[in-house]
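Take a look at the structure set out below.
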Amino acid sequence: MTLMKRSNDLFPSLFDDFFGRDWFNAGVSAQPTMPAVNLKEKDDNFEVELAAPGMNKNDFKIELDNNLLTISCEKEEAHEEGEGQYARREFNYRSFQRSFTLPNTIESDKINAKYVDGVLKLTIPKKEEAKKRTSRQIAIS
């Protein structure tokens, strides 16, 4: 009799997944998820795009303390199945915080924020003296 291992055998992976899982912390990530961030510098402003799908604009908190811009978010969800005594109840808590040091050349009172289609977008205008000026030719007299 020869033992052969089948390459698409599903049972070992299910077995390993079931018994290898930490059931006490099932569904809870040990590491917080950090949303992806795009930073763009344009001639007139900076743009910050933060990917945070499934959130609501009221979940975000945006603070500017001196030149430190901090974007944080907290969302708590509860999901219940069954009635009376719990057949299953799951809590989900997501939070993150990202901070960015802004240059002194921004107009802090004109920062604009929008949350559309899972992306938080901040537009941070530059002061007039920081805007890129077009080059010009200077005549020699």
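A few points about this structure:
- Filter pass, Gly27 being surrounded by fewer than 14 Cβ atoms within 10 Å (Cβ to Cβ), at pLDDT below 80 and of a type outside the set (Ser, Thr, Tyr): yes
- Any hit, the stretch 43-62, residues being at pLDDT 85 or above, in a strand (DSSP E or B) and touching a Cys at 6+ places or on another chain (Cβ under 8 Å): yes
- Counting the residues of the stretch 71-121 that are loosely packed, with under 10 Cβ neighbours inside 10 Å, modelled with pLDDT of 65 or more and not in a strand (DSSP E or B) gives 4.
- Restricting attention to the stretch 43-55, the residues that are farther than 14 Å from Phe96 by Cα and either under 15 Å from the mean Cα position of the chain (by Cα) or surrounded by 13 or more Cβ atoms within 10 Å (Cβ to Cβ) (or both) add up to 5.
The values are calculated or read from the model by the stated rules, or taken from the named source; none is laboratory data. Bear in mind that the values here come from a model prediction, so they are computed numbers and not experimental data. Glycine gets a Cβ as well: all are built from the backbone with ideal geometry, and neighbour counts include every protein chain shown.
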